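A.B. asks: Okay, handing you the structure first.
Taken together, the values in this text are just the output of simple stated rules run on the coordinates, not laboratory data. Computed from a predicted model, the values in this text were never measured in an experiment. In this analysis, Cβ positions are derived from the backbone assuming ideal geometry, glycine residues included, and neighbour counts consider all displayed protein chains.
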Amino acid sequence: MTLLDIPLISAIIFTPLFAGVIILWIDGEKKDLIRGVAISAAVIALVLSAFLYFSYNAQVDQIAAAQSSMDAESPFTATQMFADGLAFEERYSWLSTLGISYHVAIDGLSAPMVLLTGMVAVAGVLISWNIDERTREFMAFFMFLVAGVYGVFVAVDMFLLFFFYELAIFPMYILIATWGWVKLREYASMKLTLYILVGSVIALIGVIAMVIVADEFYRSEAGALLLQDAIEAGLLPATADGFSFDMVQLTLAAEGGAFRQFGYLGYETLSFARLWFPLIFLGFAVLAGVFPFHNWSPDGHVAAPTAVSMIHAGVLMKLGAYAALRSGVQLLPSGAQTHLPWIVLLTIINVVYGALIAFRQRDFKYVIGFSSVSHMGLVSMGFATMNVTGMSGAGLQMFSHGAMTALFFGCVGMVYDRAHTRDIPSLGGFVRKMPWVAVAFIVGGLTSMGMPGLSGFIAEFPIFQGMWQASDVISFQLGGVTIHNYYAIIVIMAALGIVITAAYVLRVTGQVFFGEFNQARFHDVGDISVVDRAVLLLLGIPLIVLGMYPAIMAPMIETGVLPVISILAGGV
Amino acid sequence: MSFSLWPSLATIAPEIGLTLLALILLFLEVYLPKERRVWIAYTSMVGMALLALTPLIWSPPVGGATAWGGMVRHDHLSQVFKVMILLAGSLTSWMAIDSTRLSKQGEFHFIIVIATLGGCLLSATADVIMLFIALETTSIPLYILAAFHRNEARSIEGGMKYFLYGAFTSAIMLFGLSLLFGFTGDTSFIGIAAALSANDGLNQISILVCMIMILVGFGFKISAVPFHFWTPDVYEGAPTPVTAFVSVASKAASFALLLRFLAAVFPEGILIEGQEIQLFWVNLSAAAAAITMTFGNVVALVQRNMKRLIAYSSIAQAGYALMGVTAMAQSGESAVASVSFYLFMYTFTNLLVFAVVLRFAAVSGSDDIRAFAGLSRRSPKLALAMTIGLLSLAGIPPTAGFFGKFFLFTAAVDAGYTWLALLGVINAIVALYYYLVVVKVMYVDRSADDEVLIALPQPVSWLLGVSCVAILLLGTIAVEVIYDWTRLGASSFISALSAAL
């Protein structure tokens, strides 16, 4: 038995899950044992994720070659591309009556996210090393949270995706409410939980309705034929029937045009995709912090304990964007074409408004919180380009911002733990006490400004380029007037948003790490520990590596994006 | 139709067993010395758990059969519900072991067994006469049990309210049933439907009035708005195990009957004065579902007492289940299966929550929500069990409640009630808020008694453990088995009906 025979993806999900259960059974006083179990589980999951990532990366050339030689005349080119891109697939029947299966795999889009989750999870456990109050419960819930997040990224079944999505939410609530910042935690944790759940359950109803529409489609003559062909081509198991939550099968229905037929609910100009796309896309995008549903995010991030802020801003927000891309753009392409041209307006508000508010903050952590809102706007903006360049940029931005924000929150946590204040004007000169943190923060800051040589540039440049390309293609109809080329205006505004980012990053860096050190107040502030340095390295190095050598990720993400683009092209 | 005794006995095997069990409990009460009477509780608990196997042993034929002169149906739907109700009875007796005032009361367990008997019959009813008898066999024991703590004003008040409301709504229901008999000249569900579809000069309004009067009775039993007023007072006042039993077993049996009655008596295609009669109850039930879940959840938001909170939450839960009843007209099988599954998982969930409340009240003497502060420090296991129970009520994975709600929403969307499903999920969020508040109180808040640990006696720990495992299994790997079983019940029920009509 080689390593490849083990169900690797399940191992990644279940390692933290079992670790969490084991931790709950350990005596609460044996704190080192608890930490040991947690860090072992997180490291095992990270190692396995890295293994998955690099073995997938080794196949990327073949996948890309297969994609470019795909038969364009086939009725299910895009579905084929999507299915061929899946690797390390595992599929077990779960609830066959309702077409639900435990179907997990990775593709070009999810592999980087899995790796990111692994990194942030390890960093999160390390940075929580000194949590002394009820360590057992903290670590157990943190492990459950991590398991849920992994699950969402690898799910290839819509039901499974929801299952893990909602599985992640409760641990997050309890982590913030119990170990968060005393002043804000109860309010912020509840607000965050309710915001996210409202969005996701509405999307859940949308997905149920989608499955039912797909089922009707597969019962029609054309649909039945398509399903039969797809089964013969080996895309779907022979047992597949119409009613299924499987993403491959739903993608097939989308490509077959099931969701763009007009006459939905008896209205002639309404199709399923037109009605439900905004609800499903924005339902998930709540978690990605899209304006005007971003309100939970800064409070939530500030209230959370450092490890949870890291995983929340670093990974969970991507989870929303990822799910919105999968269930929104990929499954409802015609809806995306109708609605993304106005949703892009929300994303520019995110970028500029988020950056402006971040500039105004006095609280160190709020700056980072709002900067997340601003940067996540770029991810959604990348989706809205609906072309390969822009979407690949969005994929890269998800990874880059994830590592960068986790790094930021790590730095903030380290400063706060020692200085006991996050008030920017009263801090200053910390570079003398914590040189590592200062360097890490500057690396993160430069990434966030999109400095070439760091991953932010690799990610943001394609998004802007994609916007520019899309500008000629996409137009927007408003009351009989067609507006052209407004993507170009938006992208210019977004570029200005980057200038604001540079302003607040430099301001914070200057005021916190340089300038006058208040010896009287901070005389007992010491340097960070070895464990903390490991966190900074773990999150900082990928930013530089990806910036210097984008080929390590960009081609992979492109293979993940191509099926989505292909279905968008066919879904007019 | 010739009558053969042995096959007929098999159709009511659990009921026969329950009668014998009740007699055994009476004898035990007489013969056991006072200090050993806790054995009565164990006998009752084990007895009902074993009896829960009987519907599986004497499994119904495919498609089901009617027995005892058309009085009871012996099909997989009744199998599902009988197992559910017997398990609920068994867990209730188990829970009562923890109550110092109930564990040694032989008559308490005796009455629970009788109420369970009524519930089993109710879920298999196929005739309005049987309906009323079974309904009263469940209700009257519960009136007594609600007032079981005779020297406690709250308990008496609860029992009295329950009795008055119950008697009143039963009377209205009985009136409706007799009107229906008057119009159709038949008492069996199928016979009534046949007479309705033959339709010689029936008046639309009169049938509608009949239906509403009968639904009043159901509304009381399942505590749907506006017949819910008794619920919080009875839940608060009655001994906790009784509350648990009322909230699960009695409700499950009533839902089983409601499904049977509506699907059999007012099926699709009966036109009276050109009006599709099925639409009446579908719309009524949709409205009741919407109002019940919204009202229950909104009022639950302001509760301070744990038992009242659960009472309003259980009103809301009935609203969700009514969504499945509404969907039954359009999506038949999946809707019936979703209601059955929902009630199945709800049995374990609610019993778990009440077991925690009972244990906590026994130690702290209070069921105020604020008294739960610091529970996670005083007893991590109790807090964890409560959390699992509440998450299941809220419908968060990996608990059974997630699937329960998911099936209901799927059935509703499938039947074209997307608006109802959307209202349902919004309600689920409202509900999540007040459940999370309780979780927060247990985990985050501190109290003066933080250091006072709460002991868990063996029977309680096992009860909590078994229920938690059941909830988690139903939410993960066991879901397929149970769902397919409820689905089998639903399909045998629906197909037998369409064959009979």
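A.B. asks: About its Cα centre, what dipole magnitude does chain B give when the only charges are +1 on Lys and Arg Cβ and -1 on Asp and Glu Cβ, stated in debye to the nearest 20?
C.D. replies: Details: 25 positive and 27 negative charges, 258 e Å.
Roughly 1240 debye for chain B.
A.B. asks: Please express the shape of region B:333-444 as an equivalent ellipsoid: the semi-axes are the square roots of 5 times the eigenvalues of the C-alpha gyration tensor, given largest first in whole angstrom.
C.D. replies: Values: eigenvalues 186, 41, 20 Å².
Over the Cα atoms of region B:333-444, the ellipsoid semi-axes are 30, 14, 10 Å.
A.B. asks: Also, quick follow-up: Give the residue list of trypsin sites (Lys or Arg not before Pro) in region B:125-178 that are DSSP loop and have at most 16 other beta-carbon atoms within 10 angstrom. Walk me through the numbers before you get to the answer.
C.D. replies: Numbers: sites: B:Arg150, B:Arg154, B:Lys161; in loops: B:Arg150.
Sites meeting the loop and neighbour criteria: B:Arg150.
A.B. asks: So, in chain A, how many Lys pairs have Cα atoms under 24 Å apart, if the pair is 8 or more places apart or on different chains?
C.D. replies: Working: A:Lys183/A:Lys191; A:Lys183/A:Lys365; A:Lys191/A:Lys318; A:Lys191/A:Lys365; A:Lys318/A:Lys365; A:Lys365/A:Lys433.
Lysine pairs meeting both conditions in chain A amount to 6.
A.B. asks: Counting only pairs 8 or more places apart or on different chains, how many lysine pairs in chain B have C-alpha atoms closer than 23 Å?
C.D. replies: 16
A.B. asks: As an exercise, identify the trypsin sites (Lys or Arg not before Pro) in region A:471-572 lying in DSSP coil whose Cβ has no more than 16 other Cβ atoms within 10 Å.
C.D. replies: Working: sites: A:Arg507, A:Arg521, A:Arg533; in loops: A:Arg521.
When the trypsin sites (Lys or Arg not before Pro) of region A:471-572 are filtered for loop state and at most 16 Cβ neighbours within 10 Å, A:Arg521 remain.
A.B. asks: How large is the Kirkwood hydrodynamic radius of region A:450-528, counting all unique pairs of alpha carbons, in Å? Don't jump to the answer; show the numbers that get you there.
C.D. replies: Working: mean 1/r = 0.0619 Å⁻¹.
The answer is 16.2 Å.
A.B. asks: Write down the Kirkwood hydrodynamic radius of region B:54-176, to one decimal in angstroms, obtained as one divided by the mean of 1/r over all alpha carbon pairs.
C.D. replies: Details: mean 1/r = 0.0632 Å⁻¹.
Radius from the Kirkwood sum: 15.8 Å.
A.B. asks: For region A:119-241, calculate the relative contact order in percent as a whole number, restricting contacts to Cα pairs under 8 Å that are 6 or more residues apart. Working shown, then result.
C.D. replies: Working: 71 pairs, mean separation 18.6, N = 123.
Computed value for region A:119-241: 15 percent relative contact order.
A.B. asks: Simple spin-label model, 7 Å along Cα-to-Cβ: B:Ser197 to B:Val469 in nm?
C.D. replies: A separation of 4.8 nm, rounded to one decimal place.
A.B. asks: While we're here: For region A:92-173, count all C-alpha to C-alpha pairs, find those more than 17 Å apart, and express that count as a whole percent of the total. Walk me through the numbers on the way to the answer.
C.D. replies: Working: 1769 of 3321 pairs.
Across region A:92-173, Cα pairs with separations above 17 Å total 53 percent.
A.B. asks: Could you state the number of Å between the C-alpha centres of region B:264-334 and region A:479-536?
C.D. replies: Each part reduced to its Cα centre gives a spacing of 53 Å.
A.B. asks: Between region B:90-132 and region B:338-409, how many Å separate their Cα centres?
C.D. replies: 22
A.B. asks: Let me ask something additional. Farthest toward the dipole's positive end in chain B, which of B:Ala329, B:Leu474, B:Leu215, given Cβ charges of +1 (Lys, Arg) and -1 (Asp, Glu) about the Cα centre?
C.D. replies: B:Leu474
A.B. asks: With only alpha-carbon atoms counted, please give the Rg and Dmax of the protein assembly as shown, in Å.
C.D. replies: Computed over the Cα atoms of the protein assembly as shown, radius of gyration and Dmax are 30.6, 102 Å.
A.B. asks: Can you tell me the convex hull volume per residue for chain B, based on C-alpha atoms, in Å³ to the nearest whole number?
C.D. replies: Numbers: hull volume 64.6 nm³, N = 501.
Enclosed volume per residue, from the Cα hull, is 129 Å³.
A.B. asks: What is the distance in Å between the Cα centroid of region A:45-94 and that of region A:241-289?
C.D. replies: Comparing the Cα centres of region A:45-94 and region A:241-289, I get a distance of 24 Å.
A.B. asks: Something else about it: Would you mind working out the magnitude of the charge dipole of the protein assembly as shown relative to its Cα centre, with +1 at each Lys and Arg C-beta and -1 at each Asp and Glu C-beta, to the nearest 20 Debye?
C.D. replies: Values: 49 positive and 64 negative charges, 621 e Å.
Around 2980 debye, computed over the protein assembly as shown.
A.B. asks: Could you compute Rg(Cα) / (2.2 N^0.38 Å) for region A:3-570, with N its residue count?
C.D. replies: On the way: Rg = 22.9 Å, N = 568, 2.2 N^0.38 = 24.5 Å.
The value comes to 0.94.
A.B. asks: Report the calculated FRET efficiency for B:Arg154 and A:Thr239 (r = Cβ-Cβ distance, R0 = 45 Å), to the nearest 0.05.
C.D. replies: On the way: r = 57 Å, r/R0 = 1.26.
Approximately 0.20, to the nearest 0.05.
A.B. asks: Which is the longest part of chain A that has none of the GluC sites (Glu not before Pro) sitting in a DSSP loop with at most 11 other Cβ atoms within 10 Å? Write out the running numbers ahead of the final one.
C.D. replies: Details: sites that count: A:Glu29, A:Glu73, A:Glu133, A:Glu268, A:Glu516.
The reported range is A:269-515.
A.B. asks: Contact order normalised by length for region A:173-260, with contacts defined as Cα pairs under 8 Å and 6 or more residues apart; what percent is it?
C.D. replies: Details: 57 pairs, mean separation 21.6, N = 88.
After rounding, I find 25 percent.
A.B. asks: Hey, for a label at A:Ile349 modelled as a point 7 Å past Cα toward Cβ, could you say which residues of region A:281-310 have their backbone N under 17 Å away?
C.D. replies: A:281-298
A.B. asks: Here's something else I'd like to know. Along the charge dipole of region A:3-570, pointing to its positive end and built from +1/-1 on Cβ of Lys, Arg, Asp and Glu, which listed residue (A:Phe14, A:Val561, A:Ala42) has its Cα farthest out?
C.D. replies: A:Ala42
A.B. asks: Can you give the FRET efficiency to the nearest 0.05 for A:Thr482 and A:Ala520, using r as the Cβ-Cβ distance and R₀ = 60 Å?
C.D. replies: Calculated transfer efficiency: 0.40.
A.B. asks: With contacts defined as alpha carbon pairs under 8 Å and 6 or more residues apart, what's the relative contact order of chain A in percent?
C.D. replies: Numbers: 1022 pairs, mean separation 93.5, N = 572.
The value is 16 percent.
A.B. asks: Calculate the mean, over all residues of peptide A:197-208, of how many other protein chain Cβ atoms lie within 10 angstrom of the residue's Cβ.
C.D. replies: 6
A.B. asks: Hey, any idea what the orientation-averaged projected area of the convex hull of region A:318-391's Cα atoms comes to, in nm²? Walk me through the numbers on the way to the answer.
C.D. replies: Numbers: hull surface 19.7 nm².
Result: 4.9 nm².
A.B. asks: What is the spin-label model distance, in nm, from B:Lys34 to B:Trp462 if the labels are put 7 Å beyond Cα along the C-beta direction?
C.D. replies: In this crude label model, B:Lys34 to B:Trp462 measures out at 2.7 nm.
A.B. asks: Which residue, A:Met247, A:Ala78, A:Gln465, has the largest displacement toward the positive end of the dipole of chain A when charges sit on each Cβ (Lys, Arg +1; Asp, Glu -1)?
C.D. replies: Result: A:Gln465.
A.B. asks: Ignoring the sites themselves, what is the longest stretch of chain B with no GluC sites (Glu not before Pro) in a DSSP loop and at most 12 other beta-carbon atoms within 10 Å?
C.D. replies: On the way: sites that count: B:Glu273, B:Glu451.
Here the longest run is B:1-272.
A.B. asks: OK, next. Report the label-to-label distance for B:Val298 and A:Leu270 in nanometres (one decimal), using points 7 Å from each Cα along the Cα→Cβ vector.
C.D. replies: 2.5
A.B. asks: Could you size up the charge dipole of region B:87-194 around its Cα centre, putting +1 on the beta carbon of Lys and Arg and -1 on that of Asp and Glu, and report it in debye to the nearest 20? Mind showing how you got there, number by number?
C.D. replies: Details: 5 positive and 7 negative charges, 67 e Å.
Dipole size: approximately 320 debye.
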